[in-house]
1. Quick check: at a probe of 1.4 Å, how many percent of the accessible area of the chain sits on carbon and sulfur atoms?
2. Could you work out the relative contact order of the chain, using alpha carbon pairs under 8 angstrom and six or more residues apart, expressed as a whole percent?
3. Given the peptides 184-193, 48-57, arrange them by the average over their residues of other C-beta atoms within 10 Å, most packed first.
4. Starting with the highest mean, order 162-168, 33-39 by the number of other Cβ atoms within 10 Å, averaged over the residues of each peptide.
5. Nothing charged except the Cβ atoms of Lys and Arg (+1) and of Asp and Glu (-1): what's the magnitude of the dipole of the chain about its Cα centre? Round to the nearest 20 debye.
6. Report, in whole Å, the centroid distance computed from the Cα atoms of the range 78-95 and the range 30-51.
7. Rounded to whole Å, give me the distance from the Cα center of the range 98-148 to that of the range 225-287.
8. Could you work out the helix-only [θ] at 222 nm for the chain, with each DSSP H run of four or more residues adding -39,500 (n - 2.57) and the total divided by the number of residues, to the nearest 500 deg cm²/dmol?
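The values are calculated or read from the model by the stated rules, or taken from the named source; none is laboratory data. As the structure is a computational prediction, the values presented were derived from the model and not from experiment. So basically every Cβ, Gly included, is an ideal-geometry build from the backbone, and we count neighbours across all protein chains shown. Accessible surface is based on the protein model in full, side chains and every heavy atom, while ligands, DNA and RNA are left aside. Shrake-Rupley method; radii C 1.70, N 1.55, O 1.52, S 1.80 Å.
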Amino acid sequence: MSTPTTSATSALPDATPAKHVSRFRLASWAPVIVLVLLCIIIASINPNFLSFGNFVRISQAAMIPLVLGLGATFIILMGSIDLSVEGVLTLAAVILSMLVLNGANGNDYGLLAVLAVLVIGAAVGFVNGVIHVKLKVPSFMTTLGIWFIGVGAANALLGGMAIRINDPMIRGLAIERFLGFARGVWLALACLGVALVVQNYTRLGRHIYALGGGEELAALSGISVARVRIMAFMLAGVFYAIGGILAAAQLGLGNAQIGNGRLFTTVTAVVVGGTALSGGQGSVLQTLVGVLIVVVLANGMVLMGVPPSVQIGVQGLMIIAAVALSIDRKLMRIVK
(Lines give C-alpha, C1' and ligand atoms only; values in the text may rest on other atoms or scores of the structure.)
Protein backbone atom coordinates (compact mmCIF):
# COMPACT_ATOMS: atom_id res chain seq x y z
CA MET A 1 0.00 0.00 0.00
CA SER A 2 2.93 2.29 0.61
CA THR A 3 4.20 2.11 -2.97
CA PRO A 4 1.22 3.88 -4.61
CA THR A 5 1.36 6.56 -1.93
CA THR A 6 5.06 7.12 -2.57
CA SER A 7 4.55 7.30 -6.33
CA ALA A 8 1.77 9.84 -5.99
CA THR A 9 3.83 11.95 -3.62
CA SER A 10 6.87 11.86 -5.88
CA ALA A 11 4.71 12.91 -8.82
CA LEU A 12 3.59 16.12 -7.11
CA PRO A 13 6.71 18.15 -7.93
CA ASP A 14 6.23 17.30 -11.61
CA ALA A 15 2.67 18.66 -11.67
CA THR A 16 3.76 22.27 -12.22
CA PRO A 17 6.18 21.47 -15.08
CA ALA A 18 3.47 19.30 -16.68
CA LYS A 19 1.02 22.19 -16.55
CA HIS A 20 3.69 24.51 -17.97
CA VAL A 21 4.39 22.11 -20.86
CA SER A 22 0.69 21.67 -21.68
CA ARG A 23 0.19 25.43 -21.49
CA PHE A 24 3.12 25.98 -23.87
CA ARG A 25 1.77 23.37 -26.30
CA LEU A 26 -1.58 25.15 -26.34
CA ALA A 27 0.14 28.51 -26.84
CA SER A 28 2.19 27.10 -29.73
CA TRP A 29 -1.05 26.44 -31.64
CA ALA A 30 -2.34 29.96 -31.05
CA PRO A 31 -0.56 31.47 -34.11
CA VAL A 32 -2.07 28.79 -36.37
CA ILE A 33 -5.54 29.56 -34.99
CA VAL A 34 -4.93 33.29 -35.50
CA LEU A 35 -3.82 32.68 -39.11
CA VAL A 36 -6.93 30.61 -39.89
CA LEU A 37 -9.28 33.16 -38.31
CA LEU A 38 -7.50 35.97 -40.13
CA CYS A 39 -7.99 34.23 -43.47
CA ILE A 40 -11.69 33.58 -42.73
CA ILE A 41 -12.34 37.20 -41.74
CA ILE A 42 -10.55 38.69 -44.75
CA ALA A 43 -12.16 36.23 -47.18
CA SER A 44 -15.62 37.05 -45.80
CA ILE A 45 -15.01 40.76 -46.42
CA ASN A 46 -13.31 40.40 -49.80
CA PRO A 47 -13.70 37.03 -51.64
CA ASN A 48 -10.81 37.99 -53.96
CA PHE A 49 -8.51 37.03 -51.09
CA LEU A 50 -9.07 33.37 -51.99
CA SER A 51 -8.11 33.76 -55.65
CA PHE A 52 -5.04 31.93 -56.97
CA GLY A 53 -3.55 35.22 -58.14
CA ASN A 54 -3.72 36.59 -54.62
CA PHE A 55 -2.08 33.44 -53.23
CA VAL A 56 0.77 34.04 -55.70
CA ARG A 57 1.12 37.61 -54.45
CA ILE A 58 1.15 36.43 -50.83
CA SER A 59 3.84 33.84 -51.61
CA GLN A 60 6.03 36.43 -53.32
CA ALA A 61 5.64 38.82 -50.40
CA ALA A 62 6.47 36.02 -47.92
CA MET A 63 9.56 34.46 -49.51
CA ILE A 64 12.13 37.03 -48.34
CA PRO A 65 10.73 37.46 -44.79
CA LEU A 66 10.67 33.66 -44.46
CA VAL A 67 14.33 33.22 -45.37
CA LEU A 68 15.39 36.09 -43.11
CA GLY A 69 13.16 34.80 -40.32
CA LEU A 70 14.75 31.35 -40.49
CA GLY A 71 18.15 32.85 -39.72
CA ALA A 72 16.81 35.07 -36.96
CA THR A 73 14.95 32.12 -35.40
CA PHE A 74 18.18 30.26 -34.59
CA ILE A 75 19.61 33.36 -32.91
CA ILE A 76 16.47 34.06 -30.88
CA LEU A 77 16.24 30.39 -29.85
CA MET A 78 19.60 30.91 -28.14
CA GLY A 79 18.16 33.84 -26.22
CA SER A 80 20.15 36.37 -28.28
CA ILE A 81 19.09 38.96 -30.83
CA ASP A 82 20.45 39.75 -34.31
CA LEU A 83 19.97 43.25 -35.70
CA SER A 84 22.42 42.81 -38.57
CA VAL A 85 19.70 41.50 -40.93
CA GLU A 86 19.47 44.63 -43.06
CA GLY A 87 23.24 45.14 -43.16
CA VAL A 88 24.01 41.60 -44.35
CA LEU A 89 21.11 41.57 -46.83
CA THR A 90 22.14 44.94 -48.32
CA LEU A 91 25.81 44.01 -48.60
CA ALA A 92 24.92 40.64 -50.17
CA ALA A 93 22.55 42.20 -52.71
CA VAL A 94 25.05 44.89 -53.71
CA ILE A 95 27.99 42.50 -54.10
CA LEU A 96 25.81 40.08 -56.07
CA SER A 97 24.71 42.86 -58.43
CA MET A 98 28.36 43.79 -59.02
CA LEU A 99 29.52 40.23 -59.75
CA VAL A 100 26.75 38.84 -61.98
CA LEU A 101 25.91 40.10 -65.46
CA ASN A 102 24.90 43.73 -64.90
CA GLY A 103 24.63 47.16 -66.49
CA ALA A 104 27.64 48.74 -64.77
CA ASN A 105 30.64 46.50 -65.52
CA GLY A 106 31.75 43.48 -67.50
CA ASN A 107 31.46 40.89 -64.72
CA ASP A 108 29.47 37.71 -65.35
CA TYR A 109 30.38 35.15 -62.70
CA GLY A 110 26.95 33.53 -62.38
CA LEU A 111 26.90 30.75 -59.78
CA LEU A 112 30.36 31.72 -58.53
CA ALA A 113 28.93 35.10 -57.58
CA VAL A 114 26.13 33.41 -55.65
CA LEU A 115 28.64 31.20 -53.80
CA ALA A 116 30.79 34.26 -53.03
CA VAL A 117 27.77 36.05 -51.54
CA LEU A 118 26.93 33.04 -49.35
CA VAL A 119 30.52 32.93 -48.10
CA ILE A 120 30.37 36.65 -47.34
CA GLY A 121 27.14 36.12 -45.37
CA ALA A 122 28.80 33.34 -43.36
CA ALA A 123 31.88 35.54 -42.82
CA VAL A 124 29.81 38.43 -41.49
CA GLY A 125 28.00 36.00 -39.19
CA PHE A 126 31.38 34.69 -38.03
CA VAL A 127 32.46 38.25 -37.17
CA ASN A 128 29.18 38.75 -35.30
CA GLY A 129 29.76 35.59 -33.29
CA VAL A 130 33.43 36.21 -32.52
CA ILE A 131 32.87 39.78 -31.33
CA HIS A 132 29.91 38.66 -29.23
CA VAL A 133 31.65 35.64 -27.71
CA LYS A 134 35.32 36.61 -27.48
CA LEU A 135 34.92 40.30 -26.62
CA LYS A 136 31.77 39.61 -24.59
CA VAL A 137 29.84 42.39 -26.31
CA PRO A 138 26.05 41.90 -26.01
CA SER A 139 24.54 40.51 -29.19
CA PHE A 140 22.24 43.54 -29.43
CA MET A 141 25.14 45.99 -29.69
CA THR A 142 27.39 43.71 -31.76
CA THR A 143 24.81 43.13 -34.47
CA LEU A 144 23.65 46.76 -34.39
CA GLY A 145 27.19 47.82 -35.25
CA ILE A 146 27.49 45.20 -38.01
CA TRP A 147 24.16 46.40 -39.42
CA PHE A 148 25.55 49.93 -39.89
CA ILE A 149 28.89 48.63 -41.17
CA GLY A 150 27.15 46.47 -43.77
CA VAL A 151 24.99 49.31 -45.07
CA GLY A 152 27.98 51.68 -45.00
CA ALA A 153 30.12 49.24 -46.98
CA ALA A 154 27.34 48.83 -49.55
CA ASN A 155 27.11 52.61 -49.90
CA ALA A 156 30.87 52.87 -50.33
CA LEU A 157 30.91 50.17 -53.01
CA LEU A 158 28.16 51.82 -55.06
CA GLY A 159 28.89 55.47 -54.33
CA GLY A 160 25.17 56.17 -54.03
CA MET A 161 24.38 54.53 -57.37
CA ALA A 162 22.26 51.49 -58.22
CA ILE A 163 23.32 48.58 -60.43
CA ARG A 164 20.77 46.90 -62.66
CA ILE A 165 20.98 43.10 -62.77
CA ASN A 166 20.81 41.49 -66.22
CA ASP A 167 21.72 37.94 -65.22
CA PRO A 168 18.84 35.67 -66.39
CA MET A 169 19.44 33.15 -63.57
CA ILE A 170 19.05 35.78 -60.85
CA ARG A 171 16.16 37.58 -62.52
CA GLY A 172 14.53 34.20 -63.12
CA LEU A 173 14.06 33.75 -59.37
CA ALA A 174 11.43 36.49 -59.51
CA ILE A 175 10.16 36.18 -63.08
CA GLU A 176 10.12 32.49 -63.98
CA ARG A 177 7.33 30.28 -62.63
CA PHE A 178 7.02 26.68 -61.54
CA LEU A 179 3.48 25.43 -60.88
CA GLY A 180 2.36 29.03 -60.99
CA PHE A 181 4.72 30.29 -58.27
CA ALA A 182 7.99 32.20 -58.67
CA ARG A 183 11.17 30.14 -58.44
CA GLY A 184 12.22 32.31 -55.51
CA VAL A 185 9.27 30.95 -53.53
CA TRP A 186 10.52 27.40 -54.08
CA LEU A 187 14.01 28.48 -53.03
CA ALA A 188 12.56 29.90 -49.82
CA LEU A 189 10.75 26.60 -49.17
CA ALA A 190 14.01 24.72 -49.80
CA CYS A 191 15.66 26.96 -47.19
CA LEU A 192 12.84 26.03 -44.80
CA GLY A 193 13.61 22.36 -45.42
CA VAL A 194 17.30 22.92 -44.67
CA ALA A 195 16.43 24.83 -41.50
CA LEU A 196 14.16 21.99 -40.36
CA VAL A 197 16.97 19.48 -40.85
CA VAL A 198 19.42 21.66 -38.91
CA GLN A 199 16.91 22.24 -36.13
CA ASN A 200 15.68 18.67 -35.68
CA TYR A 201 18.45 16.36 -36.89
CA THR A 202 21.80 17.99 -36.15
CA ARG A 203 23.88 18.49 -33.04
CA LEU A 204 23.97 22.23 -33.71
CA GLY A 205 20.17 22.43 -33.61
CA ARG A 206 19.97 20.53 -30.31
CA HIS A 207 22.72 22.66 -28.78
CA ILE A 208 21.00 25.90 -29.84
CA TYR A 209 17.90 24.80 -27.93
CA ALA A 210 20.08 23.83 -24.98
CA LEU A 211 21.66 27.29 -24.84
CA GLY A 212 18.25 28.92 -24.94
CA GLY A 213 17.04 26.69 -22.12
CA GLY A 214 19.99 27.58 -19.87
CA GLU A 215 23.50 28.47 -20.93
CA GLU A 216 25.18 27.51 -17.65
CA LEU A 217 23.52 24.10 -17.64
CA ALA A 218 24.48 23.59 -21.28
CA ALA A 219 28.11 24.39 -20.48
CA LEU A 220 28.06 21.93 -17.57
CA SER A 221 26.74 19.31 -20.00
CA GLY A 222 29.89 19.65 -22.08
CA ILE A 223 28.50 21.89 -24.81
CA SER A 224 30.97 24.41 -26.25
CA VAL A 225 28.88 27.54 -25.83
CA ALA A 226 31.27 29.76 -27.79
CA ARG A 227 31.40 27.39 -30.77
CA VAL A 228 27.62 26.97 -30.91
CA ARG A 229 27.04 30.72 -30.76
CA ILE A 230 29.54 31.43 -33.53
CA MET A 231 28.12 28.67 -35.76
CA ALA A 232 24.57 29.90 -35.17
CA PHE A 233 25.51 33.43 -36.24
CA MET A 234 27.28 32.03 -39.31
CA LEU A 235 24.18 30.02 -40.22
CA ALA A 236 22.01 33.10 -39.80
CA GLY A 237 24.40 35.10 -41.99
CA VAL A 238 23.98 32.57 -44.82
CA PHE A 239 20.19 32.86 -44.62
CA TYR A 240 20.43 36.68 -44.65
CA ALA A 241 22.66 36.47 -47.73
CA ILE A 242 20.07 34.29 -49.49
CA GLY A 243 17.51 36.92 -48.54
CA GLY A 244 19.75 39.48 -50.24
CA ILE A 245 19.87 37.36 -53.39
CA LEU A 246 16.07 37.11 -53.45
CA ALA A 247 15.69 40.84 -52.77
CA ALA A 248 18.06 41.69 -55.64
CA ALA A 249 16.19 39.30 -57.93
CA GLN A 250 12.83 40.75 -56.96
CA LEU A 251 13.91 44.37 -57.39
CA GLY A 252 16.12 43.69 -60.41
CA LEU A 253 18.99 45.75 -59.05
CA GLY A 254 21.27 46.31 -56.11
CA ASN A 255 21.34 49.50 -54.06
CA ALA A 256 22.10 50.56 -50.50
CA GLN A 257 18.41 50.97 -49.59
CA ILE A 258 17.31 47.48 -50.59
CA GLY A 259 17.23 46.24 -46.99
CA ASN A 260 15.22 49.09 -45.50
CA GLY A 261 12.41 47.85 -43.24
CA ARG A 262 13.42 44.19 -43.39
CA LEU A 263 14.49 43.96 -39.74
CA PHE A 264 11.08 44.92 -38.37
CA THR A 265 9.28 42.38 -40.54
CA THR A 266 11.78 39.65 -39.65
CA VAL A 267 11.60 40.06 -35.89
CA THR A 268 7.83 40.54 -36.01
CA ALA A 269 7.35 37.30 -37.94
CA VAL A 270 9.55 35.27 -35.58
CA VAL A 271 7.87 36.60 -32.44
CA VAL A 272 4.32 36.47 -33.82
CA GLY A 273 4.99 32.85 -34.77
CA GLY A 274 5.53 32.03 -31.11
CA THR A 275 9.32 31.83 -30.69
CA ALA A 276 10.09 33.20 -27.23
CA LEU A 277 12.54 36.10 -27.02
CA SER A 278 13.90 34.51 -23.84
CA GLY A 279 15.10 31.55 -25.93
CA GLY A 280 14.63 27.79 -25.82
CA GLN A 281 11.05 27.75 -27.15
CA GLY A 282 9.91 27.96 -30.75
CA SER A 283 10.76 26.52 -34.15
CA VAL A 284 11.28 27.42 -37.78
CA LEU A 285 7.81 26.09 -38.62
CA GLN A 286 6.35 28.57 -36.15
CA THR A 287 8.32 31.27 -37.96
CA LEU A 288 6.65 30.17 -41.21
CA VAL A 289 3.26 30.67 -39.54
CA GLY A 290 4.39 34.05 -38.19
CA VAL A 291 5.50 35.17 -41.66
CA LEU A 292 2.14 34.14 -43.12
CA ILE A 293 0.29 36.04 -40.39
CA VAL A 294 2.26 39.22 -41.08
CA VAL A 295 1.96 38.92 -44.87
CA VAL A 296 -1.70 37.86 -44.90
CA LEU A 297 -2.60 40.72 -42.55
CA ALA A 298 -0.83 43.25 -44.78
CA ASN A 299 -2.42 41.74 -47.89
CA GLY A 300 -5.84 41.74 -46.27
CA MET A 301 -5.59 45.36 -45.17
CA VAL A 302 -4.74 46.36 -48.75
CA LEU A 303 -7.74 44.41 -50.07
CA MET A 304 -9.96 46.09 -47.48
CA GLY A 305 -8.64 49.55 -48.33
CA VAL A 306 -7.00 50.27 -44.98
CA PRO A 307 -4.71 53.36 -45.17
CA PRO A 308 -0.92 52.65 -45.00
CA SER A 309 -0.53 54.70 -41.82
CA VAL A 310 -3.10 52.53 -40.07
CA GLN A 311 -1.41 49.37 -41.40
CA ILE A 312 1.84 50.32 -39.67
CA GLY A 313 -0.02 50.93 -36.41
CA VAL A 314 -1.74 47.55 -36.62
CA GLN A 315 1.61 45.82 -37.15
CA GLY A 316 3.01 47.59 -34.10
CA LEU A 317 0.10 46.45 -31.95
CA MET A 318 0.49 42.93 -33.31
CA ILE A 319 4.12 42.56 -32.22
CA ILE A 320 3.38 43.93 -28.73
CA ALA A 321 0.47 41.50 -28.36
CA ALA A 322 2.59 38.59 -29.61
CA VAL A 323 5.37 39.28 -27.10
CA ALA A 324 2.85 39.69 -24.29
CA LEU A 325 1.23 36.35 -25.14
CA SER A 326 4.53 34.49 -25.49
CA ILE A 327 5.84 35.45 -22.03
CA ASP A 328 5.27 33.09 -19.11
CA ARG A 329 4.91 35.66 -16.34
CA LYS A 330 5.02 33.03 -13.60
CA LEU A 331 8.65 32.38 -14.52
CA MET A 332 9.58 36.07 -14.60
CA ARG A 333 10.14 37.88 -11.33
CA ILE A 334 11.92 40.90 -12.79
CA VAL A 335 11.30 42.64 -16.12
CA LYS A 336 14.16 44.88 -17.32
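1. 70
2. 31
3. 184-193, 48-57
4. 162-168, 33-39
5. 480
6. 31
7. So the two Cα centres are separated by 13 Å.
8. Roughly -25000 deg cm²/dmol at 222 nm, from the helical runs in the chain.
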